[in-house]
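The values are calculated or read from the model by the stated rules, or taken from the named source; none is laboratory data. What you see is a predicted model; the values in this text were computed from it and never measured. A quick note on method: Cβ atoms are made from the backbone with ideal geometry, for glycine too, and the neighbour counts reach across all protein chains shown.
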Amino acid sequence: MKKLILGATLALTTLAGGAVFADDYPERPVMMMVSYGAGGATDFQARIVTMTAGNEDALGMPIAIINKPGAGGRVGWNWFATQAEADGYTLGAYNVPHFIAQSIKGGVEYSTDSFEPIANWGADPAVFVVATDSPMNSMDDVVAFANENPGKLTFSGAGLFVGHHIAALQLEKAAGVKMAYIPTKGGGAAAMKAVIAGEVMGGVNNLSDAFRAQEAGNVKILGVFDLERNAFLPDVPTLKEQGYDIDNASVNFRGIMVPKGTPPEVIDTLAATVPEMFKNGKVSKKMDAGGSPMHIMTRDEVIEMWAAREETLKELLAGL
């Protein structure tokens with residue numbers, strides 16, 4: 001009898017503690033891990049979309065960004081899946097298709113089951129870029145060179161089985177050419193520097209990074225890997241418009257997640273608050289200025305998106 005009473009007391013205490021925890025959360029600043037280096041698109045956008053977290057109409061506590069780059073995001077997401085505390089004070093930025101494609105190919109310690117999505121803030125298409133002094137001015141120029149010089153057209157991207165690599169694989173398949181994809185160690189920022197410095201002949205990169213590089217006069221953007229032209233680049237045609245059967249599988253969805261095992265009450269608090277935080281006028285204004293497309297999605301919508309992308313990627317990556 002005493003054991004039953006003790007068990008009931010512990011259960012009630014746990015339930016009450018959970019309610020108190022949810023009511024008080026967060027009580028201290030929150031950390032968010034970004035799997036890419038400082039200065040790249042994910043880091044740049046993560047700092048913008050979390051800048052109002054300390055406001056009373058948001059979390060009421062600031063979010064500090066920490067970077068754990070390496071291996072196309074694998075270093076950070078491996079750490080997040082295996083070492084991050086599931087207490088609501090350690091958030092992570094996700095990139096899709098990146099982490100899902102990597103989990104499908106194997107060799108990592110995470111999958112979609114390792115994380116709980118909170119909300120999505122953006123959808124950044126991949127684009128093909130060349131340096132401003134490149135003789136190539138269209139995707140037909142790129143493909144013509146690749147046809148005449150199999151395997152010799154070098155182009156950079158942020159890593160293996162990230163959105164850039166997915167776009168590269170799609171381009172090779174659609175154009176029937178063999179090119180030399182060069183994954184960089186420093187993410188999108190390093191991949192862009194390689195193009196600008198002439199270390200490679202071209203590159204696949206994020207629209208937001210490419211937009212800023214083009215504004216600075218450093219690159220030309222030859223095509224967008226999406227179903228429609230983008231409002232930030234209305235004069236740049238899609239790959240599909242240019243005759244290449246390429247869909248939007250490489251579009252980089254970015255958002256916030258927590259480790260599996262985070263208390264449901266905390267997940268509910270974040271899921272209700274974070275999308276509204278993304279809608280702050282200061283956030284959208286700064287994202288627009290940086291050429292960063294926003295695409296806000298709720299937790300339920302992200303769960304559906306992850307599942308759909310996983311099915312698409314399994315088909316695309318089969319046999320590779």
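Scan region 290-320 for residues that are under 13 Å from the mean Cα position of the chain (by Cα) and among the small types (Gly, Ala, Ser) and jot them down.
Correct list: Ser292 only.
Just the residues that are in contact with a Phe, Trp or Tyr (Cβ under 7 Å, 6 or more places away or on another chain) and part of a strand (DSSP E or B), please, taken from region 222-239.
Leu222, Gly223
Being in a loop (DSSP other than H, G, I, E, B) and either out of contact with any strand residue (DSSP E or B) (no Cβ under 6 Å at 6 or more places or on another chain) or assigned by TED's automatic domain parsing to the domain that holds Ala191 (or both) is the filter here, so list the residues in region 38-51 that pass it.
Residues of region 38-51 in a loop (DSSP other than H, G, I, E, B): 38-40, 50-51.
Answer for region 38-51, where residues must be in a loop (DSSP other than H, G, I, E, B) and either out of contact with any strand residue (DSSP E or B) (no Cβ under 6 Å at 6 or more places or on another chain) or assigned by TED's automatic domain parsing to the domain that holds Ala191 (or both): Gly39, Gly40, Met51.
Could you tell me whether Asn205 is part of a loop (DSSP other than H, G, I, E, B) and within 23 Å of Gln102 (Cα to Cα)?
No: the conditions fail for Asn205.
List the residue pairs whose Cβ atoms are under 7 Å apart, where the first residue sits in region 166-195 and is of a type in the set (Phe, Trp, Tyr), the second is buried (at least 17 other Cβ atoms within 10 Å of the Cβ) and part of a helix (DSSP H, G or I), and the two are 6 or more positions apart or on different chains.
Once the first residue is of a type in the set (Phe, Trp, Tyr) and sits in region 166-195, its partners that are buried (at least 17 other Cβ atoms within 10 Å of the Cβ) and part of a helix (DSSP H, G or I) give Tyr181/His165; Tyr181/Ala168.
If you scan region 105-119, which residues turn out to be closer than 24 Å to Glu315 by Cα and either aliphatic (A, V, I, L, M) or touching a His at 6+ places or on another chain (Cβ under 8 Å) (or both)?
Val108
Just checking, how many residues over region 146-165 are farther than 18 Å from Asp226 by Cα, of a type outside the set (A, V, I, L, M) and crowded, with 18+ Cβ neighbours inside 10 Å?
Residues meeting the conditions: 3.
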